[in-house]
Each structure stands twice: as structure tokens, then as C-alpha cells.
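Q: Next up is a structure, given as C-alpha cells.
The values are calculated or read from the model by the stated rules, or taken from the named source; none is laboratory data. Bear in mind that the values here come from a model prediction, so they are computed numbers and not experimental data. All Cβ positions, even for glycine, are placed from backbone atoms using ideal geometry, and neighbour counts span all protein chains on display. Calculation scope for accessible area: heavy atoms of the full protein, side chains included, ligands and nucleic acids excluded. Shrake-Rupley method; radii C 1.70, N 1.55, O 1.52, S 1.80 Å.
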Amino acid sequence: MKIRLHADARPAGAGEVDDALARLDHGPGMYFGVDAGVAGLHPLQATLVESPALLLRVTSHALQVQAVTALGEALLAQPALAGWQAATSSRHIVASLRVLLQAFEPQAEVMLLGALRFNAHLLAAHHATTHTEPPEEIGVLFLPGAFWQRDAQGQWTHVRLTLAGADAAGHASAPPPSGQRLAARASALVNASQPPQDDHAPGGYAAMVARALTHLRAQPLVSLTLSQSYRRRSTASAAQAFARLRQANPAPVSFLLNDGAGGQLFGASPDLQLVVRQGQVQALPVCGTVARGPGPVGEAEAFRELVNEAVDAASLAICSDALRNDLAPLCEPGSLHLTHRRRQMSLATVVHTVDRLQGRLRDGVDAWDALVATAAPVMLTGTPRPQALAAIAQLEVSPRGWYGGLGVLVQADGSALVGTLLRAASLRDGVAEVRTGGDLVADSVPEREEQESRLKALSLWRALGLDAPVDSTSAPGPSARLPSAVRLDDSGDDPFPAAVRDLLRGLGLQITDTAQPCVLLGRQPPSLARTHTVALGDAALALLAQAGFEVDPITPEHGRLVHCRATAQAPWADPGLFVAGGYASRALRPGAAVPPGWTVWLEDAQASPRLLVHAGQRLACLLLRPESLLSDPRAVQALGYALAFCTPGPDAP
């Protein structure tokens, strides 16, 4: 007879969920949530297990089972599980997990929740044999006696499971004896008496990628994913760091794990690897990463760059085709197909593209089969997988550990969620480790791959308090001393005088008829023979033409994006390229010389001047529109420096 548990559910408040998350700093359990994603693709939900009834440690040799509560002890004593624990040493590990859940009635409330390391792919080849090599840790799974669950509307419920005749409270027993714990395998690069070291010095990862390209071009590899670890000292609370990460960077796979053996793991991954519901399996491969720019315009520009990137498109296609190859043997013939291609997904600091595959599982195939078939997923190894695993072992300098492993939720009713463990930080013995990488094809660019790898680590360091957070949506603001008032001079034919007025007032400036400097607008300004003037757009080009610059009429270009950067002569540090709104019916002649007396502070991506100043006359010509909604806050910063430059007085820069 199958085991049936009674599920007592009640609404739960966010406060008690936060308290339960905080307790994961001290005891075993896990949060696994789909906190963000693409509408219609990612099923928003979360499950939090604290003080589980059963704790199962998975190794390459065996499954070790520990009753943590009185409910766990009662479950192991049930007739349906008679002999199960003893048989785990001789039975295939995945078969043992399957048998455990099959001992229960098919209830969604009965589940195994936990995490498996990258080496979970060893489960596919495991057979009961006499092992001579030391066991490898693979992961930990929990069977809860009580848990919190969040639905798609964000409502939390607390569920308490009881078994007739057992202690329903399920208070925690003593922690597993130390002899039953698996000692954490220390990285060869981490020593408690020395500062933790990264896998590579700057440039080292790019060099490894360059070596990998030889493999991709000379061996039967279609793609290859490489990774590297960064390590720093940290005594941060994993629960608090995870709370900061979830708030700043909600993701399709958010997770916080206390493994009950001195290790913690938290992260926010873009890869929801598998969704199994009612006999259907879905896979959601993610590939391609570009830094998200500030605001809606920066986000749209990032998507434009990503969608137009042929290498990333090819990488995602390879991932989807390889996943089809993994899942096709498990699905009814002809049922596995691509339902979405390169859907855009925006997270806090980066943007990605996502495919979705969907198929119907054959009779006799379940979520465990799909999990094993996609362990060490192609997105994190390469294609073909065996050759990719061999290349990874040869090229990478440290074990992957949790990187590329699996967050696992498998329910007794056959449903499952499997998330890829990426963008994660592991904490052990006062050292935080963050591992990142990327998918390579034969024409990948090593320097770009290294930049992407470092970008992916930023949100984790910020969550741990090891890097100061940067609010990419807030304006840096003019750092120069602004005047208290300005004069606005518009010939009447400028299209946006009210927007300029609003911007200036937003900077705290008064607008009067006698103030200096003057902000000059208009296609045909009434007077150009002046000093202490900041001219915008067409007014700036008219002033430059009068000053001797070669200016040509052009087909009007309005509402266009201009990509700009500060030059070495600018009075502020160069933060890299930014976008600004452009409106123009004239343009500087390409390649024309800059007359004496003028200095270029901003230039566009083609090295054409976009902000020029004349120190003798205190003039500034800004060939873009900082008031545009398309403009990055750094365009406003440039305007601030121009206003300060053109302000009369000894403090002008």
C-alpha cells in the first residue's frame, strides 16, 4: 500500500518566509524559485524547504539517507519503504530515487527538492559495482515534512505534511553525525592560510579560449563551453546575500541551498532547463549575453546588438539541436518541436535570447529520465558531449563543483522543474567562489568571451557586498559646478524647447532673460556672434559653420541613436560608449580638420566630434540632444560640464 500524507495548507506571509530563508544560514534546506523570465514560457512559482524530514546525499557510489525529523523516521519505517534504504547500496541511484517517490500516493505535495553538481552526468552511467576509487560528491536532496510554496500570483502558502500515528510536528532531530557527512573536496587553489586565488589572471581566460578554438577547429566538436572560478574571502550571510540578489536580479532559476555539511550555495540563473507537466517535457535553452544598458533605450539597444550577433544565434541553435538529440529518444516520435525561437529575456544586468522545445514523453518515461539525459547540459559542456567533457577536463584548471549542476524539484505526481545552476556563489570555510563561462564556437572572439565571463560575476559580488553596487538606471549627474541660472535663446523653430526647459529646471537651474551662460536652440539661430554659449543640435552646427568648420546639409536624421564616448581631453573620466538622441539636418563633413582653438570632448563611434568647446570664447557645441528620452544620463552629464565650462567666472573648467 502506498504512503499517503495529509497536507494541511494555510496562507503564509512574506515575513515568515523571510524568517525561514534566514534560517537556511544555519540548517539544511533549499529555496528554488522561478522568480522571473519570459511571460508564457517560464512558470512563475517557488518552493522553500526548511528542516526536511529526510536528507539524501548522492555520491557517485551510493545514496545515503538520513531521517532529520520524527516524520522522517516514521516514513522510513513504513511498509512501503521496507527494505528500500538497505537496497540503495545495490540499486542504481536514480532507480532508488524513483522507487522512493513511487512509494507515495501521486501527490504534488510530496517531492524531492535539492541540487546536484556538474558531475551529475555520472548518474547516467552508474551501475552497482565494486568501486575502488574514492566516491565523488554529487549532491543533496530533501524530502520535506513542511514547506512554503508561492503561486504565479505571488501568494505564499505554508504546507504541513502529516502521517497518521506519527509526530506531526516533525521537530528536527540532532544533526547527522559527523562520520556520516562527506568532507567537502577542497579546491587545490584554495588554502585557508593564504589568500584565495582566481583560476586565471586577467587575460588568462582569453588565452584558454584561444587554445580551445584549436580543439573546435581540429576535432569533431561543434561547440564547447569553458568556465573559470573567481575566489574571495567572505564572511557574508548567504541568506542575506541571496535576499539582495533576488531583489536586484530576479531570474528564471533562483536558489539558496544549505547542504547540511558546511556548504552553502545561492544564485540567480537564466536557464530553466526542464519543465515536466502531465507527460509533456519542455526545455528552455539560453544562449547569448550582452550587458543591459540603462533604461528602456539601453535595454532595446542591448537586444538589437544581441539579436544581430550571428555567433550567439548559432550557439543557441546548436544548444537547441543538441537538446533535441538528448530528448528525442524519450519522446513520442514527431512530438518534439521548437515552439519559440530567440525570445528576448531581460534580467537586471544582462539580456539573453531563449528557445523553447516541447515534446510528449513516451509511456514508461518520466522526469528522472529527462533529468539524467540532460545532466551536464550541452549549454554548459558542448556538442558532442563526450568530446566536450574530455576537452573541459584538459583545459580547465579547477573542478566545476556546483557550476553547471542542477536545481531539482521532482514531485510524486510526476511533475518536475530542473534548473541549471549558473550565476551562483558557493560559500565554504570563509571563501566565496563564483564560477562563470560561456559557449564557444569556432569563430568566437577570446577577448569578448573573457569580458562576458567577468560581466556574469558582477551581480554575485555585489550581493556579497564585495563590490559597490552601481545603479545603471540613475543619472551620474553633472559633476562640475553648475551655474545657478541660464538664459534660453530659441529662434522659434526648434522642435523641443519645452523639453530642454524641463531638463534645465530638473538640474536645479533658473531660466532668466539676463543670465549667462546662454543655451542656444533652433535651426536658424538669430545671432551667433556671442560668448558663454552652449548650443544644441542644429544650432551647434550653425555656430560651427560660422567658426570655419565644414558643415554640409544632409537628409534629415531625426530620432536616431548616436553612440558616443568621452575623449582623453574631456574633463571627466571615460565610462565607455553611451547612447544619445540625435536630431539633425546638417552634419560636420567626415574627416574634416578641427580648426585651431577648438577641443573635442565627445566623439561618436566613427570618431566624428559630438561635443566641441572653445576656451577663448567659452563656447560649447553639443551635436546631440541631451533632453531626448533616448539619451543616456551621461549625455546630461556632458551638458553639465559644457554649462560649467561656459559660465563666466574663475571657477570655469
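This table checks each residue for (1) closer than 30 Å to Leu41 by Cα; (2) modelled with pLDDT under 90; (3) within 21 Å of the chain's Cα centre (by Cα).
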{"site": "Ala424", "(1), (2), (3)": "yes, no, yes"}
{"site": "Ala468", "(1), (2), (3)": "no, yes, yes"}
{"site": "Ala480", "(1), (2), (3)": "no, yes, no"}
{"site": "Ser491", "(1), (2), (3)": "no, yes, no"}
{"site": "Asp494", "(1), (2), (3)": "no, yes, no"}
{"site": "Pro517", "(1), (2), (3)": "no, no, no"}
{"site": "Gln524", "(1), (2), (3)": "no, yes, no"}
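Q: List pairs: first residue in segment 17-35 and on the phi > 0 side of the Ramachandran plot, second residue open to solvent by 10 Å² or more (accessible area, probe 1.4 Å) anywhere in the structure, Cβ distance under 6 angstrom, at least six positions apart or on different chains.
A: Filtered contacts from segment 17-35: Gly29/Glu50; Gly29/Asn258.
Q: Quick check on Ala592: is it exposed (fewer than 12 other Cβ atoms within 10 Å of the Cβ) and part of a loop (DSSP other than H, G, I, E, B)? Give the steps one after another, and end with the answer.
A: Values: exposed (fewer than 12 other Cβ atoms within 10 Å of the Cβ): no; part of a loop (DSSP other than H, G, I, E, B): yes.
The answer is no for Ala592.
Q: Spot the failing condition for Thr353; the list is (1) touching a Ser or Thr at 6+ places or on another chain (Cβ under 8 Å); (2) within 30 Å of Gln247 (Cβ to Cβ), and only one is missed.
A: Every condition holds for Thr353 apart from (1).
Q: Restricting the search to segment 616-645, which residues are within 16 Å of Leu503 (Cβ to Cβ), in a loop (DSSP other than H, G, I, E, B) and either at pLDDT 95 or above or of a type in the set (S, T, N, Q) (or both)?
A: Once the filter is applied, which keeps residues that are within 16 Å of Leu503 (Cβ to Cβ), in a loop (DSSP other than H, G, I, E, B) and either at pLDDT 95 or above or of a type in the set (S, T, N, Q) (or both), segment 616-645 yields Ser628, Ser631.
Q: OK, next. Does segment 426-449 hold any residues that are among the β-branched types (Val, Ile, Thr) and either buried (at least 22 other Cβ atoms within 10 Å of the Cβ) or in a strand (DSSP E or B) (or both), and which are they? Break it down stepwise before answering.
A: From segment 426-449, those among the β-branched types (Val, Ile, Thr) are 431, 434, 436, 441, 445; that's our starting set.
Selection gives Val431, Val434, Thr436.
Q: Of these, Leu561, Leu482, Leu541, Leu507, which one is open to solvent by less than 40 Å² (accessible area, probe 1.4 Å), touching a residue at least 12 places away in the same chain (Cβ under 8 Å) and among the aliphatic types (A, V, I, L, M)? It would help to see each step written out before you state the result.
A: Values: Leu561 fails: open to solvent by less than 40 Å² (accessible area, probe 1.4 Å); Leu482 fails: open to solvent by less than 40 Å² (accessible area, probe 1.4 Å); Leu507 fails: open to solvent by less than 40 Å² (accessible area, probe 1.4 Å).
From the options Leu561, Leu482, Leu541, Leu507, the qualifying one is Leu541.
Q: Here's a follow-up. Tell me which residues, restricted to segment 102-120, are open to solvent by 50 Å² or more (accessible area, probe 1.4 Å) and in a helix (DSSP H, G or I).
A: Residues of segment 102-120 that are open to solvent by 50 Å² or more (accessible area, probe 1.4 Å), as a first pass: 102, 105-106, 109.
Residue satisfying the conditions is Gln102 alone.
Here's the yes/no breakdown for (1) at pLDDT below 85; (2) open to solvent by less than 40 Å² (accessible area, probe 1.4 Å); (3) over 30 Å from Asp259 (Cα atoms):
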site	(1), (2), (3)
Pro177	yes, no, no
Ala188	yes, no, no
Asn191	yes, no, no
Gln197	no, no, no
His200	no, yes, no
Gly204	no, yes, yes
Arg211	no, no, yes
Leu221	yes, yes, yes
Ser227	no, yes, no
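Q: Another question about this same structure. Quick one: Ser234 ticks every box in (1) touching a helix residue (DSSP H, G or I) at 6+ places or on another chain (Cβ under 8 Å); (2) open to solvent by 10 Å² or more (accessible area, probe 1.4 Å) bar one, so which box is it?
A: So Ser234 meets the others, but not (1).
Q: Working only within segment 76-91, note down all residues that are in contact (Cβ under 8 Å) with a residue 24 or more places away in the chain, within 11 Å of Gln64 (Cα to Cα) and surrounded by fewer than 16 Cβ atoms within 10 Å (Cβ to Cβ).
A: Applying the first criterion (in contact (Cβ under 8 Å) with a residue 24 or more places away in the chain) to segment 76-91 yields 78-81, 88-91.
Right, trim to within 11 Å of Gln64 (Cα to Cα) and you get 88-89.
Hit for segment 76-91 is Ser89, nothing else.
Q: Also, I was wondering about something else. Condition test on Leu48, is it over 17 Å from Glu109 (Cβ atoms), at pLDDT 95 or above and crowded, with 20+ Cβ neighbours inside 10 Å?
A: On the way: over 17 Å from Glu109 (Cβ atoms): no; at pLDDT 95 or above: yes; crowded, with 20+ Cβ neighbours inside 10 Å: yes.
Criteria not met by Leu48.
Q: Give me the pairs, please: first residue somewhere in segment 570-586 and assigned to a strand (DSSP E or B), second residue anywhere and small (Gly, Ala, Ser) and open to solvent by less than 60 Å² (accessible area, probe 1.4 Å), beta-carbon distance under 6 Å, and either six or more positions apart or on two chains.
A: Sorted first by the residue in segment 570-586, then by its partner, the pairs are Ala580/Ser631; Ala580/Ala635; Gly581/Ser628; Gly581/Ser631; Tyr583/Gly537.
Q: Can you go through Val94, Val99 and tell me which one is under 30 Å from Gln282 (Cα atoms), part of a helix (DSSP H, G or I), open to solvent by less than 50 Å² (accessible area, probe 1.4 Å) and touching a helix residue (DSSP H, G or I) at 6+ places or on another chain (Cβ under 7 Å)? Walk me through it before giving the result.
A: Details: Val99 fails: open to solvent by less than 50 Å² (accessible area, probe 1.4 Å).
One residue alone meets the criteria, Val94.
Q: Here's another thing I want to ask about it. Given the criterion in a strand (DSSP E or B), of a type in the set (Val, Ile, Thr) and crowded, with 24+ Cβ neighbours inside 10 Å, identify the matching residue among Val600, Val613. Give the derivation first.
A: Details: Val600 fails: crowded, with 24+ Cβ neighbours inside 10 Å.
From the options Val600, Val613, the qualifying one is Val613.
Q: Which number in (1) in a loop (DSSP other than H, G, I, E, B); (2) modelled with pLDDT of 55 or more; (3) of a type outside the set (Asp, Glu) marks the one condition that Ala86 misses?
A: Exception for Ala86: condition (1).
Q: Check segment 245-259 and report whether any residue there is farther than 24 Å from Leu458 by Cα and surrounded by fewer than 18 Cβ atoms within 10 Å (Cβ to Cβ). Spell out how you get there, then give the answer.
A: Step one: of segment 245-259, the residues farther than 24 Å from Leu458 by Cα are 259.
Still in the running and surrounded by fewer than 18 Cβ atoms within 10 Å (Cβ to Cβ): none.
Taking every residue of segment 245-259 in turn, none turns out to be farther than 24 Å from Leu458 by Cα and surrounded by fewer than 18 Cβ atoms within 10 Å (Cβ to Cβ).
Q: What is the one condition in (1) among the charged types (D, E, K, R); (2) farther than 25 Å from Val58 by Cβ; (3) touching a helix residue (DSSP H, G or I) at 6+ places or on another chain (Cβ under 9 Å) that Asp271 does not satisfy?
A: Unmet for Asp271, out of (1) among the charged types (D, E, K, R); (2) farther than 25 Å from Val58 by Cβ; (3) touching a helix residue (DSSP H, G or I) at 6+ places or on another chain (Cβ under 9 Å): (2).
Q: Got a number for residues in segment 575-610 being touching a Ser or Thr at 6+ places or on another chain (Cβ under 8 Å) and of a type outside the set (Gly, Ala, Ser)?
A: The number of residues fulfilling the criteria is 8.
Q: Show me the strands (runs of 3 or more DSSP E) entirely contained within segment 26-75 in which 1 or more residues are more than 18 Å from Gly260 (Cα to Cα) and not aliphatic (A, V, I, L, M).
A: Details: elements: 29-34, 45-50, 54-59, 63-67.
Fully inside segment 26-75 and qualifying: 29-34, 45-50.
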